Amino acid sequence: VWADANVSRQIEDTVLYGYYTLYSIILFCVFLWIPFVYFYYEEKEEEDGNTCSQVKTALKYTLGFIMICAVLLLIGAFVPLDIPNKKNSTEWEKVKLLFEEFGSSHGLTALSFSISSLTVIGMLAAITYTAYGMSALPLNLIKGTTSASYERLENTEDIEEVEQHLLRIKSKCRDGRPLSSRDRRTLQQLEERLRTLRRRERHLESIEKSWWTKFCEAIRPLKIVWGVFFIIVALLFTVSLFLSNLDKALHSAGFDSGFIILGTNLTNPLNMLLPVLQRVFPLDYILITTIVMYFIFTSMAGIRNMGIWFFWIRLYKIRRGKTRPQALLFLCMILLLIVLHTSYMIYSLAPQYVMYGSQKYLVQVRFIVATYNQLGNIFRSLLCMSVLFPFNLDQCIVTRTYLFLHKFWFFSAAYYFGNWAFIAVFLIGLIVSCCKGKKSVIEGEVDDDDSDMSDDELSVYYH
């Protein structure tokens, strides 16, 4: 042993307090800073008052979020952790012992409950945006977009058709007769349609002449390669997540323990790769960073394609150069919660790495010496997640982040079912993305409810 128990415990506590500091910063951003800035911009758009009144109003609304944070901390400090114990369940006895060893500080428990609550929200965001983005992003890269000149030609034909229809309706009132209510509604709809088509014409003309379009056409083969790579990575993640969840379904202590499992019976590619890379610093950190960045890019692709929704109501659209400040704040908060959920997602993808890393323990194995007909003993070193031989918690030290994220069994159960939902949404998104055709080169840039004011700045973004 390289260090005694006191030194080991001191190092563990230092790492744990480091996590608490970072998680406290997350709470500060989610419940104070981002809401304050959001309401400040809301007040700035609604009235032209002075800065002092805007700050006061923003602080008044932010107090509601602070109260929510306080309620979560109070619930976490006093929520009971004792749950019905299953009889003759050795796995559950190990889990219970593990979390009793974590400590009983109400302040740390309160922080864990608050962060776990945000992680569940991040899980819902990941199911909505990341799972869809993992299928939409690579297939969009492979398919590409339609040609700007071809779209412009089709748009010109649509403009001519709408203009002819308008002339036919207006010709009815040349002799002074008023138009019927039906014709007036049709006329208004056609005029709105014509305004949208002319805005599309300006956008398509700007994109067709831009150097960025020519550059994207030149690197088209590279986009296809990246698309194939992203879809392979997405399938690898999905298979790893499926095997990990299947292992929990078959070998965990069940719902009452949050489907927590201390040994791996069904391994997966990432679970085997990360402990191996951990032996050569910093290869495991590079792979973890790559996984996190992959989740961020796919999440941004999902948000970009879908927009920001609250149930069935679309709040904001994310568009180049025309996204509102409030939408950017929502985007930052969603990405923050998704990255927070990634901490648990990595556990599902590579449980051995997150729980024990490359730790090993010694096990005594007896064998018979055939020459002397005697019993002999040898010691074998096995990974701590191995289920071939029993191991105790003194030999294998569980990482502090694992204990922090799994302190409450009901959150762990929610994560378990959330992983199945993540897999289902990814598969549905993959089917939908395969069936859809090429995206428009101005996808999401021009909508019927947009104004013409933003078109004055097209040259800033396309030239």
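General remarks:
- Accessible surface, per residue, of the stretch 148-209 when the full set of protein chains is kept, probe 1.4 Å, Å²: 69 Å²
- Using a Förster distance of 56 Å, the FRET efficiency for GLN189-ALA70 (Cβ separation, nearest 0.05): 0.65
- Vicinal HN-Hα couplings computed from phi for the stretch 251-256 (Karplus, 6.51 cos²θ - 1.76 cosθ + 1.60; Hz; Gly/Pro x): 10, 7, 6, x, 4, 5
- Spin-label pair TRP211-ASN265: with each label point 7 Å from Cα along the Cα-Cβ axis, the two points sit 6.2 nm from one another.
- Surface calculation, 1.4 Å probe, protein heavy atoms: TYR61 sits at approximately 110 Å² accessible.
- Heavy-atom surface analysis with a 1.4 Å probe gives the stretch 148-209 a carbon and sulfur content of 45 percent of its accessible area.
- In sequence order, calculated HN-Hα J values of the stretch 336-348 (Karplus, 6.51, -1.76, 1.60; Hz; x Gly/Pro): 4, 5, 5, 5, 4, 5, 4, 4, 7, 4, 5, 4, 5
- Shape summary of the stretch 119-166, radius of gyration then Dmax from alpha carbon positions: 19.1, 56 Å.
- Length added when fully stretched, VAL432-LEU166, from 0.36 nm per residue minus Cα-Cα: 92.1 nm
- More than 25 angstrom apart: percent of Cα pairs within the stretch 221-347: 43 percent
- Taking amide H atoms as placed 1.01 Å from N in the peptide plane, the amide H of TYR316 lies under 5 Å from those of ILE308, each 5 or more residues away in sequence or on another chain.
- Net +/- balance of residues flanking GLN164 in space, Cβ distance below 13 Å, scoring K and R +1, D and E -1: -2
The values are calculated or read from the model by the stated rules, or taken from the named source; none is laboratory data. No experiment lies behind these values; they were computed from the predicted model shown. Cβ sites come from the backbone with ideal geometry, for glycine too, and all protein chains shown count toward neighbours. With ligands, DNA and RNA removed, areas are computed over all heavy atoms of the protein, side chains included. Shrake-Rupley method; radii C 1.70, N 1.55, O 1.52, S 1.80 Å.
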